[in-house]
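Visitor: Could you have a look at this structure, given as structure tokens, before my questions?
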Amino acid sequence: MSQQLHTPFVGQAQPDLVVAGAGVMGLWAARHALKRGESVLVLEKREVGAGASGGFLGSLMPHMPDRWNAKKQLQYDGLASLEAAVGELEADTGLDCGYRRCGRLMPMKHERMLAHLEERIAGARDWWTDEDGKQAYFMEHVPPEELGRRFKTPDGTPWLSPDLAEFGASHDTLSARAHPRSYLMALAAYVRNHPRGEIREGAHVLAIETDGDGVSASLADGSRIGCGRAVIANGWEAYALLGAMNGGKGAVCAGQPITGRGVKGQAVLFELAHDDSLPIIYDSGTYIIPHGTVAGSDEEGGPHLIAAGSTSVDDWLGWHEDAEQARKAFDRDDTAFYDHAYELAPALEHAPIVRRWANVRPRNTMTDPETGKVGTDALFGALEGQENIRVAIGGFKISFALAHLAHEL
Ligand SMILES: Cc1cc2nc3c(=O)[nH]c(=O)nc-3n(C[C@H](O)[C@H](O)[C@H](O)COP(=O)(O)OP(=O)(O)OC[C@H]3O[C@@H](n4cnc5c(N)ncnc54)[C@H](O)[C@@H]3O)c2cc1C
């Protein structure tokens, strides 16, 4: 890491920025502020990686490139710039984030999907472009007879089952993957190793409020920390923190009261040796993501882990009396997502499941002003009337591709 001429943060009474939550959103806000020369204290209730960002799925998949809108453009900007952002983070820390622009296959199960795919191929031509307007990433139709030849595991098994791809598959070159836990640990290492950065684990933030010209954070241990600005980035638990602000009236961002809930999801990790050339497979809510050696390696040192996810459960809080158990407990009866993974990728059929993971991701319940849909997006911005307090809350799917865009927090 480059040496910087800063006074050390440790021992300083008031950091420039306090961040509540050490997930991917909070740690990117911290990294940007440190790069600007600010001092940063990250307060984490549990430990780094305890939340939704600490898993192993890590798909970075674009919205479909037809019917383009501002939301798709933002997501494209995130996906297109992430490779460089991760490269810089890796160079700063010496840590591998498991990033690869691996592409994605989606089976075409009905003939009518082909006409739709034509529109998407044209959309990719128009919108997946570089600064000179030249097409940078592609979407194509792979006919059924080519699928097994182009995409196969090292023992020759077709990666995507021909039984589920009667009309072939769509293939894009924009989709990527990262290994979420490794990526998060690289961000945390950057903050911890920076002379003006600190992550305090076991620090439970109860409230953040404007205090004179600055902000103060009240912690569960009774302490108060004053700072210049604060970023609320504590995942799905941010909605309660924000809802209690302004005397219980809640906080407003971009003209809307901030509301949302936590949606629980689960994922599994299969052990299957591969050569790290395979694309993501996506179909009907099931993702299959081959990971590189940063996730783990076999005896020969080759990649051997493939993740599959995920589920969405709203009423998880009643699962256990203990809310922490409810948040993390894996429901072994909920197998539909990986049963479908077996159908999609026959090579997984005899691959043992070596890890199971469940956690809760944020899902805001605010209406997108452009599309009119209730949001699944990440939320960034300043609170109305409290310019020194910002929010950075992840979204339902694509947060890992967007978190690095939050420069201004
Ligand atoms: C099963 C599953 C699969 C997913 N798959 C993908 C995927 O493939 N691609 C993708 O981009 N996204 C995916 N997501 C979504 C993504 O993981 C989340 O959107 C993202 O991690 C949210 O990041 P965050 O920083 O907002 O929250 P989190 O990662 O949850 O971080 C919030 C942190 O705040 C801490 N905290 C909570 N309350 C307090 C408090 N009061 N004080 C201090 N700290 C506090 C928590 O302990 C936690 O560490 C998936 C999520 C799940 C659950």
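Visitor: Beyond 24 Å between alpha-carbons counts as too far, so tell me which of Lys45/Lys71; Lys72/Lys373; Lys72/Lys328; Lys109/Lys328; Lys373/Lys397 fall in that bin.
Guide: Exceeds cut-off: Lys45/Lys71; Lys72/Lys328; Lys109/Lys328.
Visitor: Another one. Per the helix-only calculation at 222 nm, which mean residue ellipticity applies to the chain, given -39500 (n - 2.57) for every DSSP H run of n ≥ 4 and division by its residues, nearest 500 deg cm²/dmol?
Guide: Only helices count here, giving -7000 deg cm²/dmol.
Visitor: What dipole magnitude, in Debye to the nearest 20, does the chain give about its Cα centre under +1 on Lys/Arg Cβ and -1 on Asp/Glu Cβ?
Guide: Around 760 debye, computed over the chain.
Visitor: Another one. Got a sec? Which residues in the stretch 327-365 would a label at Lys109 touch, if it sits 7 Å along Cα→Cβ and we count backbone N under 11 Å?
Guide: Residues 340, 344 qualify, since their backbone N sits under 11 Å from the label point.
Visitor: Counting other Cβ atoms within 10 Å, keep those with at most 13, restrict to DSSP loop, and tell me which GluC sites (Glu not before Pro) in the stretch 285-370 are left.
Guide: The qualifying sites are Glu299, Glu300, Glu321, Glu370.
Visitor: Report the net charge of residues surrounding Val354, where surrounding means a beta-carbon distance below 12 angstrom and charges are Lys +1, Arg +1, Asp -1, Glu -1.
Guide: 0
Visitor: Tabulate in residue order the Karplus-calculated ³J(HN,Hα) for the stretch 250-264, using 6.51 cos²θ - 1.76 cosθ + 1.60 with θ = phi - 60°, rounded to whole Hz; enter x for Gly and Pro.
Guide: x, 9, 10, 9, 6, x, 10, x, 7, 9, x, 8, x, 10, 7
Visitor: Also, I was wondering about something else. Accessible area per residue for the chain in Å², computed with a 1.4 Å probe and the full protein assembly in place, what is it?
Guide: Solvent-accessible surface per residue comes out at 43 Å².
Visitor: Under the rule that an exposed site lies in a DSSP loop and has at most 12 other Cβ atoms within 10 Å, name the longest stretch of the chain with no trypsin sites (Lys or Arg not before Pro) of that kind, not counting the sites themselves.
Guide: Answer - 135-248.
Visitor: Give the distance, in whole Å, between the Cα centre of the stretch 57-91 and the Cα centre of the stretch 144-162.
Guide: Using only Cα atoms, the two centres lie 27 Å from each other.
Visitor: Work through the residues other than Leu164 whose Cβ is under 9 Å from its Cβ and net out their charges, Lys, Arg +1 and Asp, Glu -1.
Guide: Every neighbour counted, the sum reads -3.
Visitor: So if I take the alpha carbon set of the stretch 313-391, get Rg, then get Rh from the Kirkwood formula, what is the Rg over Rh ratio?
Guide: 1.13
Visitor: In whole Hz and in residue order, list the ³J(HN,Hα) couplings for the stretch 183-192 that follow from phi through the Karplus curve 6.51 cos²θ - 1.76 cosθ + 1.60, θ = phi - 60°; x for Gly and Pro.
Guide: Result, ordered by residue: 4, 5, 5, 5, 4, 5, 5, 4, 5, 5 Hz.
Visitor: Under the Karplus relation 6.51 cos²θ - 1.76 cosθ + 1.60, θ = phi - 60°, what is the ordered set of whole-Hz ³J(HN,Hα) values for the stretch 53-59, x standing for Gly and Pro?
Guide: Working through the residues one at a time gives 6, x, x, 9, 7, x, 7 Hz.
Visitor: In nm, to one decimal, how far is the modelled label at His116 from the one at Ser218, with both set 7 Å along Cα→Cβ?
Guide: Spacing of the two 7 Å Cα→Cβ label points: 5.0 nm.
Visitor: Roughly speaking, what is the stretch gain from Leu206 to Asp334, that is 0.36 nm per residue apart minus the C-alpha to C-alpha distance, in nm to one decimal?
Guide: 42.7 nm
Visitor: Could you list which residues have their amide H under 5 Å from that of His291, counting only those 5 or more apart in sequence or on another chain, with H placed in the peptide plane?
Guide: Leu305, Ile306, Ala307
Visitor: Could you name the aspartates and glutamates whose alpha carbon sits less than 20 Å from that of Lys249, not counting residues in the same chain fewer than 8 places away?
Guide: Within reach: Glu209, Asp211, Glu237, Glu384, Glu387.
Visitor: Are there GluC sites (Glu not before Pro) in the stretch 101-199 that DSSP marks as loop and that have at most 14 other Cβ atoms within 10 Å, and which are they?
Guide: Glu111, Glu131, Glu166
Visitor: What full-extension length gain, to one decimal in nm, is calculated for His407 and Asp126 as 0.36 nm per residue of separation minus the Cα-Cα distance?
Guide: 98.4 nm
Visitor: Just check the chain against the gyration tensor rule for me: Cα atoms, a ≥ b ≥ c as the square roots of the eigenvalues, rounded for a/c under 1.5, and otherwise prolate or oblate depending on whether a/b exceeds b/c.
Guide: prolate
Visitor: Tell me which residues come under 5 Å, amide H to amide H, from Arg355 once H is placed; ignore anything under 5 positions away on its chain.
Guide: Excluding prolines and chain starts, which carry no amide H, the hits are Leu269.
The values are calculated or read from the model by the stated rules, or taken from the named source; none is laboratory data. Just so we're clear, the structure is a prediction, and the values are computed from it rather than from any experiment. In this analysis, Cβ positions are derived from the backbone assuming ideal geometry, glycine residues included, and neighbour counts consider all displayed protein chains. For the accessible areas, the whole protein counts, side chains as well, though only heavy atoms, and no ligand, DNA or RNA atoms are used. Shrake-Rupley method; radii C 1.70, N 1.55, O 1.52, S 1.80 Å.
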